[in-house]
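Peer 1: First the structure, then my questions, so here it is.
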Amino acid sequence: MPIDRVLHTLGRMARLLLTGGRVIDPAMGVDETLDVAIEDDLIVEIGSGLSKTPADRVIDVKGKYVVPGLIDPHVHLREPGAEHKETIESGTLAAAVGGFSTVCCMPNTTPSLDTPEMVTFVDGRARSTAHCRVYAVAAGTKGRRGEEPSEISLLAKAGAVGISDDGDAIAAAGVMSKVLTMTKQAGLVFMQHCQDPTLTQGSSMHAGEVSVRLGLAGWPRVAEELIIERDVRLNASIGCRYHVQHLSSAGSVEIVRRARGSGQPVTAEASPHHLLLTHEAVGGADGFAYDTNAKMNPPLREQSDIQAIRAGIADGTITVLATDHAPHSVEEKARPFEEAPFGIIGLESALALYAEALIKPGVVDWPRLIAMMTIEPAKLCGLDRAGLGKLVAGGPADVTVIDPDQEWTLRLEELAGKSRNTPFMGRRLRARAVLTLVGGQVRHERR
């Protein structure tokens, strides 16, 4: 995995020394107070009491956590085709502000990322405009139509780090079997958007008491669960690395748990909104608000699902945290509920929301949370082979510094990305990235 496919430089890179922070690196089994020395684009030394003399700048990070640069394997940057919602430049700025040094962008663009040329396009735009590393997840079928597999081996050679038709499931079992086989041969992971379209046509929220009250077509859990169950069975004889995106149902957790227990190469991710919000958010404070910012795909479900997802994280069934950052314009989200697009932004608030959902109630500790945002997604997408997801001397200087105690409010006017679609606006949060380094360059710093 080449690591030189990065981004434009900001000029000479200063020699930095981060002193006195709690270094948490789950990949290397490190959790202690240490200094981290950086020169050019590499970490040159990690240890206690490092000399300050060679440094151009010394940053005191006492009381803060120094971790590998955060990695999000599931974002929508909207470029090409929907630049009014987000661009590679604006989306990666939001990522850097949120503490992410690497993101993997989904293929549901216009045109879709289904050819080597489109993967190369993303790489070129990232080189010239991005604020963090960007890798493409390419489409599994041509045009994402679910009818004919893409040239997956060529997509891998062009630099794709995963395969997905995200935004849609590959509904035809025969096509899915071919895509799994080709993805395995290419050495990539297949990431499935788990949604049976025959069970969700016209649906806009979870099938439950709230959908009945609001008079909206319900989206049943089984629409997600059937796809996972089918794919696990198809993949049993193929052995492709298979990843469940934005898991939302308690039943899905159990299917993944069973598959992993039988030795299948199955992983899954959870997103902030499915860990904190239920379908009640659609109705707003008065129960009848039709809040389009709470319209998700898959939809917000019930407290029992949240509890099951948290339990799946606690026992290791779910190994990855991913935002599913899905920006939309104000005008699009202002449409009537059934016509408004699905999705929520998440890059700038994810870290604090994960802390609220998982650290505060004791589901996991900070080292495990950091692992799920660094080395686990790095391994998922093969980025660990390029040294991402860990802090080692001689490795890339992708570093995030976190203040676990900083309290702040998510405010519209402070967002770095183009879009504003989140039901978490105005929420009081705790924990924040205060410094993001990508290849030794300061891409975000909160003073």
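Each value in this text was obtained by applying a stated rule to the coordinates, not by laboratory testing. The model shown is predicted, which means the values in this text are computed figures rather than measured ones. Cβ placement follows ideal geometry from the backbone for every residue including glycine, while neighbour counts extend to all protein chains displayed.
Peer 1: State to the nearest 20 debye the size of the charge dipole of the chain about its Cα centre, where the only charges are +1 on K and R beta carbons and -1 on D and E beta carbons.
Peer 2: 420 debye
Peer 1: Which cross-chain or sequence-distant (5 or more) residues have an amide H under 5 Å from the amide H of Thr267, H modelled 1.01 Å from N in plane?
Peer 2: Tyr242, His243, Val244
Peer 1: Additional query: Could you run the Karplus curve 6.51 cos²θ - 1.76 cosθ + 1.60 with θ = phi - 60° over the stretch 235-242 and give me ³J(HN,Hα) per residue in whole Hz, x for Gly and Pro?
Peer 2: The phi angles translate into 7, 4, 9, 9, x, 6, 5, 10 Hz.
Peer 1: Lysines near Lys390 by alpha-carbon distance under 19 Å, same-chain residues fewer than 8 away left out - which ones?
Peer 2: Excluding near neighbours in sequence, the set is Lys64, Lys379.
Peer 1: Name the residues whose placed amide hydrogens come within less than 5 Å of the amide hydrogen of Gly146, ignoring near sequence neighbours (fewer than 5 apart) on the same chain.
Peer 2: Correct list: Thr141.
Peer 1: If one takes the longest principal axis of the Cα atoms in the chain, at what angle in degrees, from 0 to 90 and to the nearest 10, does the Cα axis of helix 116-129 lie?
Peer 2: Once rounded, the angle reads 40 degrees.
Peer 1: Roughly how compact is the chain, stated as its Cα Rg over 2.2 N^0.38 Å to two decimals?
Peer 2: Ratio of Cα Rg to 2.2 N^0.38 Å: 0.93.
Peer 1: Residue-wise, which Karplus ³J(HN,Hα) couplings in Hz belong to the stretch 439-444, taking 6.51 cos²θ - 1.76 cosθ + 1.60, θ = phi - 60°, and x for glycine or proline?
Peer 2: Whole-Hz 3J(HN,Hα) from phi for the stretch 439-444: x, x, 9, 6, 9, 7.
Peer 1: Let me ask something else about it. May I ask which residue of Val363, Gly395, Cys381 lies farthest towards the positive end of the charge dipole of the stretch 330-404, with charges of +1 (Lys, Arg) and -1 (Asp, Glu) on Cβ and the Cα centre as origin?
Peer 2: Value: Gly395.
Peer 1: Please list, in order along the stretch 245-254, the HN-Hα scalar couplings obtained from phi with the Karplus expression 6.51 cos²θ - 1.76 cosθ + 1.60 (θ = phi - 60°), rounded to whole Hz, x for Gly and Pro.
Peer 2: Coupling constants for the stretch 245-254: 7, 5, 4, 10, 10, 4, x, 5, 4, 5 Hz.
Peer 1: What is the set of long-range amide H partners of Ile318 at a cut-off below 5 Å, with H atoms built 1.01 Å from backbone N?
Peer 2: Residues meeting the criterion, in which the H sits 1.01 Å from N, are Ile313.
Peer 1: While we're looking at this one, here's another question. For the stretch 195-224 and the stretch 32-89, what is the centre-to-centre distance using only Cα atoms, to the nearest Å?
Peer 2: So the two Cα centres are separated by 41 Å.
Peer 1: Here's another thing I want to ask about it. Relative to the Cα centre, what is the charge dipole magnitude of the stretch 83-192, using +1 at the beta carbon of each Lys and Arg, -1 at the beta carbon of each Asp and Glu, and rounding to the nearest 20 debye?
Peer 2: Using only the charged Cβ atoms, the result is roughly 240 debye.
Peer 1: Where the centroid of each part is defined by its Cα atoms, how far is the stretch 271-343 from the stretch 106-147 in Å?
Peer 2: Comparing the Cα centres of the stretch 271-343 and the stretch 106-147, I get a distance of 25 Å.
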